[in-house]
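Asker: Mind looking over this structure? Questions follow.
The values are calculated or read from the model by the stated rules, or taken from the named source; none is laboratory data. Keep in mind that what you see is a predicted model, and the values were worked out from it rather than measured. Don't worry about glycine lacking a Cβ; one is built from the backbone with ideal geometry, like all the others, and counts go over all protein chains shown. Heads up: the accessible areas ignore ligands, DNA and RNA and are worked out on the full protein's heavy atoms, side chains in. Shrake-Rupley method; radii C 1.70, N 1.55, O 1.52, S 1.80 Å.
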Amino acid sequence: MQPSDLGRDLEKVLIDEDAITAKVAELAAAIDRDYADRPVLLVGVLKGAVMIMADLARAMSLPVEMDWMAVSSYGSGTKSSGVVRILKDLDKDITGKHVLVVEDILDTGLTLSWLVRNLRSRGPASVQVCTFLRKPEAVKVDVPVAYLGFDIPNEFVVGYGLDYAERYRNLRVVGTLAPHVYGG
Ligand code: IMP
């Protein structure tokens, strides 16, 4: 889905395809360097991280294992609450593994901080975080991020995996929606 396919529902493009591709290559190179001597297990957080997982893994030169978790952060509409529930757990045990959590966005940080704590309790060799986007102004809990794509303003964004009401995940850019889409 291209920005033009959204017509007037798209307010503005924050990150275009070229910027996404360049950043993914940069992140992949850094991860390749850091994990050259140990096997890495990429843990993608469904559903938002599907695009970054797929692109990142393919941009890397190292072989990776991939697993997925789905969590739901209780809350209404576009707000996160920090109460997290596992909807789909990992398929395999991560004891002794080097885990790299791949996330679409760190907003308040409540979801990721919970997830990292949960994964650490399972006895992995290491747990690091790669997040494609981060909203520094919204962060409530400090989550150490080893690999960061972009810091963005505190606005609700869609595209490149991120949705509003399950739509726009397949938009090829990251952008904001016009107020009328939210019924405003
Ligand atoms: P956090 O717990 O507040 O950091 O929120 C994490 C989750 O909220 C992300 O994994 C997204 O699924 C969702 N989220 C936060 N901000 C946005 C946004 O701007 N657009 C779409 N989803 C978002």
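Asker: Using the beta-carbon distance between R38 and Q2 and R0 = 35 Å, what value does 1/(1 + (r/R0)^6) give for FRET efficiency, to the nearest 0.05?
Answerer: On the way: r = 39 Å, r/R0 = 1.12.
Using R0 = 35 Å, I get an efficiency of 0.35.
Asker: List the aspartates and glutamates whose Cα sits under 19 Å from the Cα of K47, skipping any in the same chain fewer than 8 residues away.
Answerer: D55, E65, D67, D89, D91, E103, D104, D107, D163, E166
Asker: Need one number: nm distance between label points at E65 and A25, each 7 Å from Cα along Cα→Cβ, rounded to one decimal.
Answerer: Those two pseudo-labels are separated by 3.1 nm.
Asker: Out of the total accessible area of the chain (probe 1.4 Å, heavy atoms of protein only), what percent is carbon and sulfur?
Answerer: Details: 4600 of 9080 Å².
Of the solvent-accessible surface of the chain, carbon and sulfur hold 51 percent.
Asker: Continuing with this model, one more query. Please give the net charge around V139, taking every other residue with its beta carbon less than 14 angstrom from that of V139, where Lys and Arg add +1 and Asp and Glu add -1.
Answerer: Net of charged neighbours comes to -2.
Asker: Average the reciprocal distances over every distinct pair of alpha-carbons in region 1-155, invert the result, and give the Kirkwood radius in Å.
Answerer: Numbers: mean 1/r = 0.0613 Å⁻¹.
Value: 16.3 Å, from the Cα pair sum.
Asker: Counting only heavy atoms of protein chains, what accessible area per residue, in Å², does the chain have with a probe of 1.4 Å? Intermediate values should be presented prior to the final figure.
Answerer: Values: 9080 Å² over 184 residues.
It amounts to 49 Å² per residue over the chain.
Asker: Can you list the aspartates and glutamates whose alpha carbon is less than 13 Å from that of K12, not counting same-chain residues fewer than 8 positions off?
Answerer: E155
Asker: While we're looking at this one, here's another question. What lysines could a cross-link reach from K97, if we take a straight Cα to Cα line under 21 Å and drop same-chain neighbours fewer than 8 places away?
Answerer: Once the sequence-local lysines are set aside, what remains near K97 is K88.
Asker: Quick one: net charge of D163's neighbours, Cβ under 12 Å, K/R +1, D/E -1? Let's see the in-between values first.
Answerer: Working: positive: K47, R167, R169; negative: D104, E166.
Net of charged neighbours comes to +1.
Asker: Only helical DSSP H runs with n ≥ 4 go in: add -39500 (n - 2.57) per run for the chain, normalise by residue count and round the 222 nm mean residue ellipticity to 500 deg cm²/dmol. Display every interim value, and only then the final one.
Answerer: Numbers: 3 runs with 39 residues, N = 184.
Theoretical 222 nm ellipticity from helices: -6500 deg cm²/dmol.
Asker: Relative to the compact globular guide of 2.2 N^0.38 Å, what is the alpha carbon radius of gyration of region 78-184, as a ratio?
Answerer: On the way: Rg = 15.1 Å, N = 107, 2.2 N^0.38 = 13.0 Å.
Here the Cα radius of gyration is 1.16 times the empirical estimate.
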